[in-house]
Amino acid sequence: MDTLIERGIQDPATLHAMMEVPRHQFVEDAMQARSYGDFPLPIGSNQTISQPFIVAKMTQALRLQGHERVLEIGTGSGYQAAVLSRLCKRVYTVERIHSLLGRARKVFDQLHYYNIISCIDDGTVGWPDQAPFDAVLVTAGGPKIPEPLIEQLADPGRMVMPVGTQEEQELQLLEKRNRRIRIQSIGHVRFVNLIGEHGWRE
């Protein structure tokens, strides 16, 4: 946690959630000895579990208070959804790869994280049946923020997503307030590709 604090993670709730969620349970057995290092790790299907600092930074940027319904695009290992679940009322997470979501669901059940709802779908179209969402977090990089996700974001609402090329992105914080959209960059990152109708093609 000292490393996170030194790098600018100051929100007590975010730090507590990072301490509470056992990251080693979201990686394969062979990776567990490295699970608390501040770097991404492979989880299969050409996907990764993000480094703890980036998870904390994206989480902190949403400024969750505990009452929110949060949409996550890209369940992956399930780690980011688990962290979010400690900070909000409910997480709705969308994944396109069946094997990853199946494994993540098992970990959610083992940890009794019952406020995480998940589905298999194209995450770039969001989850319209459950909209609007107080916050949206996208765990893959795309060429632009998908319009359906902006539409499904409540007003006021906050969204965090990596936007850029397939090699490098800037982490964008989008704020919707009084029907106005404001976007600011909060750092440079490198994520796996956001695949879908409003993202990159496979």
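The values are calculated or read from the model by the stated rules, or taken from the named source; none is laboratory data. Everything numeric in this text was worked out from a predicted model, so none of it was measured. Methodologically, a virtual Cβ is constructed for each residue, glycine included, from the backbone with ideal geometry; neighbour enumeration extends over all protein chains shown. With ligands, DNA and RNA removed, areas are computed over all heavy atoms of the protein, side chains included. Shrake-Rupley method; radii C 1.70, N 1.55, O 1.52, S 1.80 Å.
The sole residue among Val94, Val125, Val83, Val107 that is crowded, with 21+ Cβ neighbours inside 10 Å and touching a residue at least 60 places away in the same chain (Cβ under 8 Å) is Val83. Going through (1) hydroxyl-bearing (Ser, Thr, Tyr); (2) more than 27 Å from Lys176 (Cβ to Cβ); (3) touching a residue at least 60 places away in the same chain (Cβ under 8 Å) one by one, Thr139 falls short only on (2). Which residues, counting only those in the range 3-21, are open to solvent by 20 Å² or more (accessible area, probe 1.4 Å) and closer than 17 Å to Gly78 by Cα? Listed by number, the residues that qualify are Met19, Glu20. Annotation: of all residues in the range 182-202 being open to solvent by 80 Å² or more (accessible area, probe 1.4 Å) and touching a strand residue (DSSP E or B) at 6+ places or on another chain (Cβ under 8 Å), the one that is nearest to Ile145 (Cα to Cα) is Ile183.
Test Ile120 against the stated conditions and say whether it is among the aliphatic types (A, V, I, L, M), open to solvent by 40 Å² or more (accessible area, probe 1.4 Å) and under 30 Å from Asp29 (Cα atoms). Spell out the reasoning first.
On the way: among the aliphatic types (A, V, I, L, M): yes; open to solvent by 40 Å² or more (accessible area, probe 1.4 Å): yes; under 30 Å from Asp29 (Cα atoms): yes.
Yes.
Here Val163 meets the list (1) open to solvent by 30 Å² or more (accessible area, probe 1.4 Å); (2) among the β-branched types (Val, Ile, Thr); (3) within 16 Å of the chain's Cα centre (by Cα) almost entirely, failing just condition (1).
Search the range 49-63 for residues being of a type outside the set (D, E, K, R) and over 21 Å from Leu111 (Cα atoms), and hand back the single one that is surrounded by the most Cβ atoms within 10 Å (Cβ to Cβ). Quick ask: steps written out before the conclusion?
Going through the range 49-63, the residues of a type outside the set (D, E, K, R) turn out to be 49-56, 58-62.
Applying the additional criterion that residues be over 21 Å from Leu111 (Cα atoms) yields 53-54, 58, 60-62.
Numbers: Phe53: 18, Ile54: 20, Met58: 26, Gln60: 22, Ala61: 22, Leu62: 23.
It comes out as Met58.
For (1) without any contact (Cβ under 8 Å) to a residue 40 or more places away in the chain; (2) closer than 13 Å to Ala82 by Cα; (3) among the basic types (Lys, Arg), each residue gets a yes or a no:
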{"position": "Gln10", "(1), (2), (3)": "no, no, no"}
{"position": "Leu15", "(1), (2), (3)": "no, no, no"}
{"position": "His24", "(1), (2), (3)": "yes, yes, no"}
{"position": "Met31", "(1), (2), (3)": "yes, no, no"}
{"position": "Ser35", "(1), (2), (3)": "yes, no, no"}
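In the range 128-153, of all residues being small (Gly, Ala, Ser) and either open to solvent by less than 20 Å² (accessible area, probe 1.4 Å) or closer than 17 Å to Arg96 by Cβ (or both), the one that is farthest from the chain's Cα centre (by Cα) corresponds to Gly142.
Yes or no, residue by residue, for (1) at pLDDT below 95; (2) over 12 Å from the mean Cα position of the chain (by Cα); (3) acidic (Asp, Glu):
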site	(1), (2), (3)
Glu6	yes, yes, yes
Pro22	no, yes, no
Gln32	yes, yes, no
Asn46	yes, yes, no
Ala56	no, no, no
Val83	no, no, no
Thr93	no, no, no
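On the stretch given as the range 1-56, residues that are within 19 Å of Pro162 (Cβ to Cβ) and part of a loop (DSSP other than H, G, I, E, B) total 10.
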